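Below is one structure, written out as structure tokens, with a few remarks after it.
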Amino acid sequence: MQRRLTAILSADVVGYSAAMERDEAGTLARLKANRATLFDPCVARHGGRLVKLMGDGALVEFASVVAAVECAGEIQQASEVHDDEATRIRYRIGINLGEVIVEGDDLYGDGVNVAARLQALAEPGGVAISGSVRDQVAGKIAAGMEDLGEHAVKNIARPIRVFALRAPARAATSASPPSRTSICVLPFANMSGDPEQEYFSEGITEDVITDLSKVGALSVVSRNTAFSFKGKHVDIGQVARQLHVTYVLEGSVRKAGNRVRITAQLIEAATDSHLWAERYDRDLNDIFALQDEISEAIVGALKLKLMPSERKAIEQRSTTNPEAYKLYLMARQYNAMGNSRHRDITVRFCQRAVGIDPGYARAWALLAICQANHRMVNVGTGDTGWDAAERALALSPDLAEAHAAKGRILGDAGRYQEALEEHAKAMRLDPEGYEVNAAAARCYIPMRRYAEAAACLERAATAIDADFWALGMAIQCYEALGDEEATRNAARRALARVEKVVAAEPDHGLAIGWGVSALVALNERDRAKEWTGRAMLLEPDNLNLRYNLACSMVGLGEAALALELLEPVLERAQRHNLTWFATDNSLDSIRDDPRLHAMLAKAEARLAASASDAG
């Protein structure tokens, strides 16, 4: 019998039986829509695993207690904005941290029972948490917690100490310690007049977020959440209320040649007043000192004390060379575009960055990831990225991207348990990071741990809102889980992103390939086949693209076309590619096809002969 300590969220729809009696079909449709567009995506973004649905109820498991509480708060807040009270889906939610018994995919035991009892004690639209949860999240969330005392509940021998989660505005009556000062750093606007300079303004924003996160007295909204407002005209007060923050920082970056101008203003949301504002005109060589100055000015404006260790942490950067920093930011931008033609560029930019500054850990980590991606596109040829990942870890043992890169490379080699250890370290260091979640998902998928992979992919898709790869892979995971609604939801989102990319880059072969995957999931057969032909005309020698298209054609029942696409891939496949062939559920329906067996046998013979020659 397996046991583990975990955070359990139990949710139940308020007034469900009465609503079903009034309008059975309409209520069921609204509940399904709510789960597809709100509940399930929110659970996935926060790393939860849906254990089971029970009519109008749901049981969800989280590895992180903070993630469980933040997920519950987000669900309840989003539910309250529905205009029509009569058709609103509202939940009661209970959260407990306790030991559970694991049987297959299901969970049992007191840990689950307590969560269910807490859910019954919650107010309509509210969240009730146990004392163990309260102890874990105190000081780590913006919401307050009101002590409701001990409650005797059915089938639980001991009384349960219950706390109600309260929005910050109602937290004054809470018995818990006051929350830290909270702030959201909105993405700095690129005022350079050149869209290609977007990478620089994004980099500045992320560094300011990172610097402020090192201040113990500050609670800083994550990069992923802050960047969800990128490019939008926002109402500062509304942003503050939505994110439960007291202050909002906004600004702009203008880069021209070797000069940079940064403007920043700190706004107190309650009064919509400027607490601090400044404009900086500097030489690009002063960019790091300027970032330090901005962070310290914000801390000063908030009347917070910057401890010596915090000041040292802010000033300690992965590089102090502005040229290396610029190359790293450019490489990261190209890598995020997902275009196979950019793989060589990203590797060259990273190599140049570490050539300028051999101690630049983040650039070494990105180089490792880019080399692993490049190797995948070229089906097993080129540097694995191992040396770069090891160099990054030697320079910065606590760098999340470095552990993610090493985990990615170990997973590509089929060393899954070692890979999972690296991914766990990366997740603890940066649970919302794109590379961290993308790399972990790549490990979970061949292990057929699809629920965990889907959760990682949803977080990756949130981290980069233009990324289509993560949602494309999520389609495969949801299909494997048999979740038709989630599959179609992921497919619609993936297709929207692909169409936006292809409108700007009509020759983006990989984007078109992932668009095919979405079209197949949406049962748009004719369009899927048309896009497949277009992708092959654009990039006939892209073996990674051929493989993705083949998987989509299997989904359409076009086995002959799938095998035709796969043949050149298997002619050049390396050992780790064959491992993926053996585990990819997208190929399950043709796995017994004699033509595929013949191709695989030929590939095995070629690899055996190569190994013999090398020996």
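The values are calculated or read from the model by the stated rules, or taken from the named source; none is laboratory data. Quantities reported herein were computed from a predicted structural model and do not represent experimental measurements. Cβ atoms come from the backbone with ideal geometry, glycine included; neighbour counts cover every protein chain shown.
Overview of results
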read-out	value
Wholly enclosed helices (runs of 4 or more DSSP H) of region 311-405 bearing at least 3 residues under 20 Å from residue 467 (Cα atoms), among the hydrophobic types (A, V, I, L, M, F, W, C) and in contact with a Gly (Cβ under 8 Å, 6 or more places away or on another chain)	361-377
Tally of residues being assigned to a loop (DSSP other than H, G, I, E, B) and of a type outside the set (Phe, Trp, Tyr) across region 463-476	4
Matching entry among 544, 523, 548 (being surrounded by fewer than 18 Cβ atoms within 10 Å (Cβ to Cβ) and either part of a helix (DSSP H, G or I) or at pLDDT 90 or above (or both))	523
Tally of residues being over 16 Å from residue 474 (Cβ atoms) and in contact with a helix residue (DSSP H, G or I) (Cβ under 9 Å, 6 or more places away or on another chain) across region 40-63	11
Residue 243 being aliphatic (A, V, I, L, M), closer than 16 Å to residue 290 by Cβ and outside the structural domain of residue 78 (by TED's automatic domain parsing)	no
Selection from region 218-260 of residues that are at pLDDT below 85, more than 23 Å from residue 42 (Cα to Cα) and part of a strand (DSSP E or B)	218, 256
Among the candidates 98, 139, 125, 48, residue that is of a type outside the set (D, E, K, R), at pLDDT below 90, under 23 Å from residue 429 (Cα atoms) and surrounded by 15 or more Cβ atoms within 10 Å (Cβ to Cβ)	48
Residue 22 being over 30 Å from residue 441 (Cα atoms) and surrounded by fewer than 18 Cβ atoms within 10 Å (Cβ to Cβ)	yes
Flag for residue 409 being among the β-branched types (Val, Ile, Thr), assigned to a helix (DSSP H, G or I) and surrounded by fewer than 19 Cβ atoms within 10 Å (Cβ to Cβ)	no
Any hit, region 444-451, residues being part of a helix (DSSP H, G or I) and charged (D, E, K, R)	no
Set 429, 410: member being modelled with pLDDT of 90 or more and either of a type outside the set (Val, Ile, Thr) or within 17 Å of the chain's Cα centre (by Cα) (or both)	410
Qualifying residue in region 282-304 (condition: within 22 Å of residue 186 (Cβ to Cβ), of a type outside the set (Ser, Thr, Tyr), assigned by TED's automatic domain parsing to the domain that holds residue 195 and assigned to a strand (DSSP E or B))	yes
Filtered residues of region 182-202 (kept if buried (at least 21 other Cβ atoms within 10 Å of the Cβ), out of contact with any Lys or Arg (no Cβ under 6 Å at 6 or more places or on another chain) and outside any loop (DSSP other than H, G, I, E, B))	183, 184, 185, 190, 201, 202
Any hit, region 425-437, residues being out of contact with any strand residue (DSSP E or B) (no Cβ under 8 Å at 6 or more places or on another chain), among the charged types (D, E, K, R) and outside the structural domain of residue 343 (by TED's automatic domain parsing)	no
Residue 19 vs. criteria closer than 24 Å to residue 123 by Cβ, without any contact (Cβ under 8 Å) to a residue 12 or more places away in the chain and either in contact with a Ser or Thr (Cβ under 6 Å, 6 or more places away or on another chain) or part of a strand (DSSP E or B) (or both)	yes
Single unsatisfied condition, residue 47 versus (1) in a helix (DSSP H, G or I); (2) touching a Ser or Thr at 6+ places or on another chain (Cβ under 7 Å); (3) not aliphatic (A, V, I, L, M)	(1)
Residues of region 226-259 that turn out to be free of Cβ contacts under 8 Å to residues at least 60 places away in the same chain and buried (at least 19 other Cβ atoms within 10 Å of the Cβ), as a count	3
Criterion: within 27 Å of residue 504 (Cβ to Cβ), of a type outside the set (S, T, N, Q), at pLDDT below 90 and in a helix (DSSP H, G or I) - qualifying residue of 438, 460, 454	460
Matching option when the condition is assigned to a helix (DSSP H, G or I), of a type in the set (S, T, N, Q) and not assigned by TED's automatic domain parsing to the domain that holds residue 162, among 271, 205, 263	205
